[in-house]
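A.B. asks: Structure below; questions to follow.
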Amino acid sequence: MIGGIEDNFFIVDRVEYGDAFRNKVSVLDFPLEEIRALRPFLLSLGLQDRYRSSAITESTNVRQPSAEPAENLTRDFREKARALFR
C-alpha cells in the first residue's frame with residue numbers, strides 16, 4: 001500500500017512494463033486508461049520521474065550480424081513495428 005508521494009512507487013504507463021514488473025515493484029494501482037487520463041494531474045504533483053517509461057532505458061544488442069542487406073531488414077522491421085503498434 002502506498003502512503004504518500006515520498007514512498008517508493010512507479011506509475012506504469014505502458015502495458016509491457018506492467019507485465020514485466022508485476023509483483024516486483026510497487027506501482028500506482030490504476031488501469032492504464034486512467035493513468036493516461038490522470039497524466040496532467042500526476043505531472044502537476046511532480047511525479048514525472050515515477051513513470052516507468054522515464055525510468056527505463058531499453059537497449060538492443062546484436063550478437064551476430066545478418067547476411068541480409070540492411071535495407072531489407074529495415075523494411076521488415078518497419079512492417080513488424082506497424083503491426084505491433086496499431
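A.B. asks: Looking at L73, L43, can you tell me which residue is in a helix (DSSP H, G or I), surrounded by 11 or more Cβ atoms within 10 Å (Cβ to Cβ) and modelled with pLDDT of 80 or more?
C.D. replies: Among L73, L43, only L43 is in a helix (DSSP H, G or I), surrounded by 11 or more Cβ atoms within 10 Å (Cβ to Cβ) and modelled with pLDDT of 80 or more.
A.B. asks: Something else about it: For the stretch 5-33, how many residues meet the condition of being within 22 Å of L84 (Cα to Cα) and either in a helix (DSSP H, G or I) or free of Cβ contacts under 8 Å to residues at least 24 places away in the same chain (or both)?
C.D. replies: At the first step, the residues of the stretch 5-33 found to be within 22 Å of L84 (Cα to Cα) are 12-22, 31-33.
Next, only the ones that are either in a helix (DSSP H, G or I) or free of Cβ contacts under 8 Å to residues at least 24 places away in the same chain (or both) stay: 15-22, 31-33.
The qualifying residues number 11.
The values are calculated or read from the model by the stated rules, or taken from the named source; none is laboratory data. Note that the structure is predicted; figures quoted are calculated from it, not measured. Cβ sites come from the backbone with ideal geometry, for glycine too, and all protein chains shown count toward neighbours.
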